[in-house]
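Report on the following structure.
The values are calculated or read from the model by the stated rules, or taken from the named source; none is laboratory data. From a predicted model like this one, the values you see are computed outputs, not experimental measurements. Neighbour counts run over all protein chains shown; Cβ positions are idealised from the backbone, glycine included.
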């Protein structure tokens, strides 16, 4: 499955995140931000953590998650 396929609108994808890219495990149109819960269309996904296998809506959300981890707050 590659990310250029057009899945059904409204379906959530399952991805495997690597350091520089992601792989589609289950086809879908979006993923949910680990911090905000916001739906992120795959074509707009730019921020994630390969170590935590989490997507983020934007740099602010990624930074917030890092602060949570460092302060010991659970998601």
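When the stretch 47-75 is filtered for residues that are surrounded by 12 or more Cβ atoms within 10 Å (Cβ to Cβ), touching a helix residue (DSSP H, G or I) at 6+ places or on another chain (Cβ under 9 Å) and farther than 16 Å from residue 12 by Cβ, the ones remaining, listed by number, are 47, 49, 52.
Once the stretch 28-44 is narrowed to residues that are in a loop (DSSP other than H, G, I, E, B) and in contact (Cβ under 8 Å) with a residue 24 or more places away in the chain, the residue that is farthest from residue 10 (Cα to Cα) is 35. Annotation note: Cβ proximity below 9 Å between a residue of the stretch 48-75 that is on the phi > 0 side of the Ramachandran plot and part of a loop (DSSP other than H, G, I, E, B) and a residue that is surrounded by 14 or more Cβ atoms within 10 Å (Cβ to Cβ) and modelled with pLDDT under 95 (sequence gap 6+ or interchain) occurs for no pair.
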